[in-house]
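The values are calculated or read from the model by the stated rules, or taken from the named source; none is laboratory data. These numbers come from a predicted model, not from an experiment. FYI the Cβ positions are ideal-geometry reconstructions off the backbone, even for glycines, and counts take in every protein chain you see. Each accessible area value is taken on the protein alone, full model and side chains, heavy atoms only, with ligands, DNA and RNA left out. Shrake-Rupley method; radii C 1.70, N 1.55, O 1.52, S 1.80 Å.
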Amino acid sequence: MGELKNQGEVEVEAIHLWATPRSLSTSLMYSFAQRDDIEVLDEPLYATFLRVTGFDRPYREEVLSKMEPDGNKVVNDIILGPGKKKYRFCKHIAKQRVPGLPMDLMKKGKHFILIRNPLDILPSFGKVVPPSLVELGLAEVVSIYSELSELGRPPPVIDAAELQEDPEGTLRGLCEDLDIPFLSTMLKWEAGPKPVDGIWAPWWYESVHKSTCFQPAKKYPMPFPFPLYDVLEQSLPFYNFLKRHMRQTSCLLKSGLPQPELPVPENEKLLAWVGDEIVPRENAKVSVFDSVVQGGDSVWEGLRVYQGKIFKLEEHLDRLFDSAKALAFNNIPTREEVKEAIFRTLIWNGMFDNSHIRLSLTRGKKVTSGMSPAFNLYGCTLIVLAEWKPPVYDNTRGITLVTATTRRNSPNNLDSKIHHNNLLNNILAKIEGNNANADDAIMLDKDGYVSETNATNIFLVKKGRVLTPHADYCLPGVTRATVMDLVVQEKFPLQERNISLSEFHTADEVWTTGTMGELSPVVKIDGRLVGDGKVGPVTRKLQNAYKQLTEESGVPIPTYHEN
């Protein structure tokens with residue numbers, strides 16, 4: 001170290017920028033070059049990249065003759081070698097990190113990543129180089145991010161759109177992440193070519209040479225060159241992966257909402273079945289042409305998993321296929337195919353207990369947007385969404401209900417026996433329940449009789465007799481039928497009839513039933529205590545009988561005991 005000082009040089013800490021082409025990386029290099037404590041290098045690995053890959057460029061021979069092509073020498077002597085300033089800013093195009101470079105390149109210095117939406121890169125990228133996924137290099141950026149993360153040093157990720165929209169805020173945040181002071185000089189530079197420019201500047205830097213700062217993006221983009229559609233489709237998943245790890249999130253319509261906490265944090269990372277494949281949570285999406293998006297045209301079931309078994313699987317599948325038939329779905333997957341998708345999803349997730357499945361079957365993707373099922377020519381879309389999810393209600397102390405003004409659908413309009421995804425009727429009632437700080441809302445039929453809640457079927461006990469509404473305006477739930485069987489098994493009188501709201505207000509006990517919440521005691525309705533406001537003995541007995549049934553029955557998940 002002393003010898004270095006005698007030569008006027010000191011040990012320098014490298015700051016590595018890893019980027020794709022056309023991502024404002026040169027503007028960022030000019031920004032850092034305005035600091036007195038930083039020297040900059042413009043793509044020091046370019047000659048190594050050309051030598052190793054053999055790629056052609058208009059300036060290939062000039063680069064190879066004037067730049068050091070030996071990767072080891074570039075890393076050890078040029079990038080990590082001594083210098084006269086505290087930091088050395090190295091602008092790297094990610095694809096130039098070729099195999100065989102010294103590991104110190106990644107292990108030493110500070111690293112960050114600059115990304116840009118391929119939609120904004122590709123329209124101008126082909127002026128010098130024929131565009132391809134390899135030339136764009138987004139896959140290599142993901143590889144760099146992953147490698148640094150494995151080393152325990154996940155790099156900050158910034159988006160070019162953030163730099164354009166809020167240069168100072170983005171640079172301040174980046175400097176904070178890099179543990180260097182922000183300097184306002186980073187916000188402006190002089191127009192024209194720079195001494196730090198690489199040999200390739202005349203081919204690539206024409207527009208950036210006209211700039212003196214980070215310019216706001218144009219309000220409207222250029223038309224996309226559709227011959228590059230395949231490259232866009234290949235590259236977007238890599239961009240979207242990196243975007244999820246940004247310090248800030250950039251999008252066209254910004255909400256400014258903080259990242260929400262999940263009810264069950266373990267569900268942040270899960271695998272879902274969509275169509276005919278298993279995908280991570282963030283990729284679990286359906287097409288904008290899918291019928292469930294176009295009109296809520298889908299059917300669904302809720303399934304619960306207990307100790308390696310799926311409770312009432314066959315009954316739920318019966319209803320799923322009945323609903324699909326009632327809605328005249330075509331090209332429906334077979335029962336065995338649906339079961340295999342369910343089993344595979346649970347096994348991949350390792351979910352063998354305390355889990356819930358939202359099983360959906362949509363009419364499928366359309367060839368063009370529109371209402372008509374004649375446009376559905378791709379077959380149905382199957383969705384298996386399994387989550388870690390305990391019962392959603394407080395089944396120990398009980399829940400509260402209010403009565404909604406929203407009435408339940410009549411079979412004249414939409415038969416509730418079809419378990420469809422068009423849930424706006426229920427959602428409107430749920431909004432009323434939320435506004436009243438209740439757990440759910442009771443819904444009446446057109447004549448004013450109680451039908452169900454917005455999400456569950458409902459029962460009451462009066463003088464030892466159990467009553468539940470007719471399933472004319474409500475869904476005849478699988479859990480409802482199961483509890484009705486248990487009522488008979490436990491030798492309580494059971495009656496299914498029209499029930500008025502006042503009968504629920506004056507009941508001795510009330511509970512709701514549903515796969516999501518099981519058997520949930522109701523202790524207050526519309527401000528009135530149910531009975532003495534505590535969970536009643538009939539409810540408790542049936543809860544215990546239901547628990548025993550879930551332990552004893554169900555369709556086993558293959559390989560459960562192996563796991």
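Numbers at a glance
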quantity: Within straight-line cross-link reach of LYS365, lysines at Cα separation under 19 Å, skipping those fewer than 8 residues along the same chain; calculated: LYS285, LYS325
quantity: Placed amide H near ALA14: partners under 5 Å, 5+ positions off or other chain; calculated: ARG88, GLY109, LYS110
quantity: LEU529 paired with GLU340, simple spin-label distance in nm, labels 7 Å along Cα-to-beta-carbon; calculated: 5.7
quantity: Relative contact order [Cα under 8 Å, 6+ residues apart], the chain, whole percent; calculated: 11
quantity: Theoretical FRET efficiency, 1/(1+(r/R0)^6), r = Cβ-Cβ of LEU257 and ILE431, R0 25 Å, to 0.05; calculated: 0.80
quantity: In degrees, nearest ten, helix 167-178 long axis to first principal axis of the chain (Cα); calculated: 90
quantity: Whole-number D in µm²/s for region 373-455 (Stokes-Einstein; Kirkwood sum over Cα pairs; 4 °C, 1.567 mPa s); calculated: 86
quantity: Spatial separation of Cα centroids for region 262-278 and region 397-412, in angstrom; calculated: 30
quantity: Cβ-Cβ FRET estimate between TYR220 and ARG172, R0 fixed at 25 Å, reported to 0.05; calculated: 0.30
quantity: Region 82-166: relative contact order in percent, alpha carbon pairs under 8 Å with at least 6 residues between; calculated: 42
quantity: Helix axis angle, 313-326 relative to the chain longest principal axis, alpha carbon, degrees; calculated: 90
quantity: Accessible area of TRP388 in the full protein assembly, 1.4 Å probe (Å², nearest 10); calculated: 80
quantity: Centre separation in Å (Cα based) which lies between region 149-178 and region 290-354; calculated: 43
quantity: ASP322 accessible area, 1.4 Å probe, all protein chains in place, Å² to nearest 10; calculated: 100
quantity: Neighbour net charge for LYS269 - beta-carbon separation under 13 angstrom, K R +1, D E -1; calculated: -2
quantity: Value of [θ]222 nm, deg cm²/dmol, for the chain, DSSP H segments ≥ 4, -39500 (n - 2.57) each, nearest 500; calculated: -9000 deg cm²/dmol
quantity: Computed over region 232-348: relative contact order in percent, which uses C-alpha pairs under 8 Å that are six or more apart; calculated: 16
quantity: Stretch gain in nm, segment SER124-ARG281, where the contour uses 0.36 nm per residue and the Cα spacing is subtracted; calculated: 53.2 nm
quantity: Straight-distance crosslink candidates among aspartates and glutamates, where the alpha carbon sits under 19 Å from LYS66 and sequence neighbours closer than 8 are dropped; calculated: ASP42, GLU43, ASP56, ASP77, ASP197
quantity: 15 Å beta-carbon shell around GLU503, net charge (K/R +1, D/E -1); calculated: -2
quantity: Net lengthening on full extension, ALA328/ASN412 (0.36 nm per residue, minus Cα-Cα); calculated: 28.4 nm
quantity: The chain, accessible area per residue, ligands and nucleic acids excluded (1.4 Å, Å²); calculated: 49
quantity: Computed label-point distance, nm, for sites VAL288 and LYS491 using a 7 Å Cα→Cβ extension; calculated: 6.4
quantity: Diffusion constant of the chain at 20 °C, which comes from Stokes-Einstein with the Kirkwood Cα-pair radius and 1.002 mPa s, µm²/s; calculated: 76
quantity: Exposure of PHE343 as accessible area (Å², to 10), given a probe of 1.4 Å and all protein chains; calculated: 20
quantity: Region 471-516, accessible surface, carbon-and-sulfur percent (1.4 angstrom probe); calculated: 51
quantity: FRET efficiency for GLU68 and ALA481, using Cβ-Cβ distance with R0 set to 51 Å, rounded to 0.05; calculated: 0.10
quantity: Options SER298, ASN267, ILE347, ranked by Cα towards positive dipole end of region 264-370, top entry (Cβ charges); calculated: SER298
quantity: Local electrostatic count at PRO493 - Lys and Arg +1, Asp and Glu -1, tallied over other residues with Cβ under 11 Å; calculated: +3
quantity: Between region 510-563 and region 18-76, the Cα center-to-center distance that results, in Å; calculated: 66
quantity: Cross-link reach list, lysines versus LYS188, counting only Cα pairs under 24 Å and skipping chain neighbours closer than eight places; calculated: LYS84, LYS85, LYS86, LYS91, LYS110, LYS210, LYS218, LYS219
quantity: Gain in span if fully extended, GLN34 to GLU551, counting 0.36 nm per residue against the direct Cα distance; calculated: 179.2 nm
